[in-house]
Amino acid sequence: MSHPPIRVDIVSDVVCPWCIVGYRQLMQAAKDTGTELDVHWHPFELNPNMPAEGQNLVEHVMEKYGTSKTESEANRDRLTTVGQQLGFDFAFTPETRMHNTFNTHQLLHWAKEQGRGNDLKQALFTAHFTHNRDLSDDSVLADIAAETGFDRDAALTILSSQDNAQNVRAQQQHWHSQGISGVPAMIFKSKYLVTGAQGAENYAGILKQLAEMADAD
């Protein structure tokens, strides 16, 4: 029996490593189970108060989560290995920085309105984690948009005008009011919340269960 695509709303930030890991795991599960997904991305800022210049990643993680330098390095090594298994290249360096992503989410909102939010989202994950590009720099964001097939000048206009600021704030507030305080947060069929990167096998189990429930209806 064929099923309509399963809607998955993903609340995430492009500087969240487990968000791209979780997404790749979900895509692997969809492939393994022959499930068609209808993915919708939504904004979340890991560091809404981060200044424009950002902060060194190691310093940031140690300060925010109380982890030691050794623990932080072990976590990055683990992410790198998991990423390789999923075909994603985490290229952490001692200079890797965390950045404010509010403008990034405004650009994503614009891309989403054109039906290409996922394309830009993937490009931004790669820009940040693989190429260590500065996502708090509007000219860099416009470059990434142009490389992804968007009009560079239009992207710059969106960023400089801040026309999407209110939309992004409203979306963030909506998901916060739904009790989401950490990412990735995936909502299946608009009612089943799954948080954190769960692994391809677990996602496959969720997709199978949803298919069975649809058959039973």
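The values are calculated or read from the model by the stated rules, or taken from the named source; none is laboratory data. Predicted model, so just to flag it, every value in this text is computed and none were measured. Here Cβ is always computed from backbone atoms with ideal geometry, including for glycine, and neighbour counts include all displayed protein chains. Please note that ligands, DNA and RNA were not included when accessible areas were found on the heavy atoms of the full protein model with its side chains. Shrake-Rupley method; radii C 1.70, N 1.55, O 1.52, S 1.80 Å.
Residues are listed down the side, and each one gets a yes or a no for (1) part of a strand (DSSP E or B); (2) open to solvent by less than 70 Å² (accessible area, probe 1.4 Å); (3) not acidic (Asp, Glu):
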position: 20; (1), (2), (3): no, yes, yes
position: 29; (1), (2), (3): no, yes, yes
position: 35; (1), (2), (3): no, yes, yes
position: 39; (1), (2), (3): yes, yes, yes
position: 45; (1), (2), (3): no, yes, no
position: 51; (1), (2), (3): no, yes, yes
position: 61; (1), (2), (3): no, yes, yes
position: 72; (1), (2), (3): no, yes, yes
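Out of 135, 120, which single residue is assigned to a helix (DSSP H, G or I), closer than 15 Å to residue 168 by Cβ and either open to solvent by less than 60 Å² (accessible area, probe 1.4 Å) or among the hydroxyl-bearing types (Ser, Thr, Tyr) (or both)? Reasoning before the result, please.
Working: 135 fails: assigned to a helix (DSSP H, G or I).
Testing whether each residue is assigned to a helix (DSSP H, G or I), closer than 15 Å to residue 168 by Cβ and either open to solvent by less than 60 Å² (accessible area, probe 1.4 Å) or among the hydroxyl-bearing types (Ser, Thr, Tyr) (or both) leaves just 120.
Among the candidates 81, 67, 93, which residue alone is open to solvent by 30 Å² or more (accessible area, probe 1.4 Å), closer than 30 Å to residue 7 by Cα and not aliphatic (A, V, I, L, M)? Spell out how you get there, then give the answer.
Values: 67 fails: closer than 30 Å to residue 7 by Cα; 93 fails: closer than 30 Å to residue 7 by Cα.
Only one candidate passes the filter, namely 81.
From the list 79, 46, which one is hydrophobic (A, V, I, L, M, F, W, C) and more than 28 Å from residue 163 (Cα to Cα)?
Numbers: 46 fails: more than 28 Å from residue 163 (Cα to Cα).
Answer to the selection: 79.
Going residue by residue through the stretch 85-104, is there one that turns out to be more than 28 Å from residue 179 (Cβ to Cβ), acidic (Asp, Glu) and assigned to a loop (DSSP other than H, G, I, E, B)?
The answer is yes, given that some residue of the stretch 85-104 is more than 28 Å from residue 179 (Cβ to Cβ), acidic (Asp, Glu) and assigned to a loop (DSSP other than H, G, I, E, B).
May I ask you to say which residue of 201, 212 is among the charged types (D, E, K, R) and in contact (Cβ under 8 Å) with a residue 12 or more places away in the chain? If you could, list the steps in order and put the result at the bottom.
Details: 212 fails: in contact (Cβ under 8 Å) with a residue 12 or more places away in the chain.
On inspection, the qualifying residue turns out to be 201.
Residue 115 versus (1) small (Gly, Ala, Ser); (2) open to solvent by 40 Å² or more (accessible area, probe 1.4 Å); (3) closer than 27 Å to residue 149 by Cβ; (4) not in a loop (DSSP other than H, G, I, E, B): which is the lone unmet condition?
All conditions are met except number (4).
Could you check residue 164 against (1) open to solvent by less than 30 Å² (accessible area, probe 1.4 Å); (2) out of contact with any helix residue (DSSP H, G or I) (no Cβ under 7 Å at 6 or more places or on another chain); (3) touching a residue at least 24 places away in the same chain (Cβ under 8 Å) and say which number it fails?
(2)
Hey, can you tell me all the residues within the stretch 181-197 that are crowded, with 18+ Cβ neighbours inside 10 Å and not in a strand (DSSP E or B)?
If the condition is that a residue be crowded, with 18+ Cβ neighbours inside 10 Å and not in a strand (DSSP E or B), then 183, 184, 197 are the ones that fit.
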